[in-house]
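Every read-out reported here was derived from the displayed coordinates using simple, explicitly stated rules and does not represent laboratory data. Treat the numbers as computed from the prediction; the structure is a model and nothing was measured. Every residue, glycine as well, gets a Cβ built from its backbone with ideal geometry; the counts of neighbours run over all protein chains shown.
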Amino acid sequence: LTHPTLNYNSNIAPSVAITAPANASTIGFGNYTLTANAQDVAGSVSSVEFFVDGSSVGIDYTAPYEVVYNATVGSHSILAIASDGDCLTDQDQVNVTVSSNQAPTITLDAPAIAVEGSPITLTSVASDADGSVTQVQFFVDGVSVGIDMTAPYSIVWNATLGANQAITAVATDNT
């Protein structure tokens, strides 16, 4: 006697994980995008709803699951609840601090073409709306090539062999 193979829909709940912001992180105030990954191995995710301090700030019905909320200064609890078509749910929670500190802004001026071994000057303009810029660090292909702690921010770099090198400047503020 043979038995047919049975295929049970096991009513497995979806899973959800908040991907931004990270737990115990500090974020800036103003518009901030909350994001989550959600999946359901036994069906499909029908929605992910986001809550801040117990109040809904939005719901998204399609991946990537995200909503924008107006972050206010202080400590906050962020919760994401994923639901599937069988009315099963899963949730994930993170706690964050929203700071009034704004990140500095920066623009980089670098030559489009450099001759290997020739010194070139990398310059940037940096400012901070709610404080002061303490330093600008310059990188070539992810490797630090110098720091300047006073405006105007610049360093002299001896160009090395490499096509399409990525030049980056990172400004740090007083907070």
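Along the range 19-34 the Karplus relation, 6.51 cos²θ - 1.76 cosθ + 1.60 evaluated at θ = phi - 60°, assigns HN-Hα couplings of 9, 7, x, 6, 4, 6, 8, 10, 10, x, 7, x, 5, 9, 8, 8 Hz to successive residues, with x for each Gly and Pro.
In the chain, the alpha-carbon atoms span a convex hull of 184 Å³ per residue.
In the range 30-77, one over the average inverse separation of all distinct C-alpha pairs is 11.7 Å, which is the Kirkwood hydrodynamic radius. Here the Karplus relation 6.51 cos²θ - 1.76 cosθ + 1.60, evaluated at θ = phi - 60°, turns the backbone of the range 89-94 into coupling constants of 9, 9, 9, 9, 9, 10 Hz, with x for every Gly and Pro. Between T107 and T89, the distance separating the two model label sites (each 7 Å from Cα on the Cα→Cβ line) works out to 4.8 nm.
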